[in-house]
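Have a look at the structure below, then the notes.
The values are calculated or read from the model by the stated rules, or taken from the named source; none is laboratory data. What you are looking at is a predicted structure, and each value in this text was computed from that prediction instead of being measured. As a convention, Cβ positions derive from the backbone with ideal geometry for all residues, glycine included, and neighbour counts pool all protein chains shown. Surface accessibility is based on the protein's heavy atoms, side chains included, excluding ligands, DNA and RNA. Shrake-Rupley method; radii C 1.70, N 1.55, O 1.52, S 1.80 Å.
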Amino acid sequence: MTGFIDGWDRAYPVPVSLPDHRFSEELVNQVAAVLVNHGYPPLSNPFDWGDLDLALAAYLYGIEETE
């Protein structure tokens, strides 16, 4: 997003260049660990992991889930 505040161009979302080796299971695991370390409940369900994966993709790449 550019032009929101002059001189404050945003770094995210980044352009999609798939496959992106940086977006990995290890990244999702590390983000989950940071959340737990800050007092959020552990991801105990496969759907939680999938939702976190989708949320990270949406933030990093601007990919919105379509239903």
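Of all residues in the range 18-67, those being open to solvent by 80 Å² or more (accessible area, probe 1.4 Å), touching a helix residue (DSSP H, G or I) at 6+ places or on another chain (Cβ under 9 Å) and either modelled with pLDDT under 95 or not in a loop (DSSP other than H, G, I, E, B) (or both) number 6. Just one of (1) exposed (fewer than 11 other Cβ atoms within 10 Å of the Cβ); (2) in contact with a Phe, Trp or Tyr (Cβ under 9 Å, 6 or more places away or on another chain) fails for Ile5. It is (2).
With respect to Gly7, determine if the residue is modelled with pLDDT under 90 and more than 11 Å from the chain's Cα centre (by Cα). Yes; evaluated as a whole, the condition is true for this residue.
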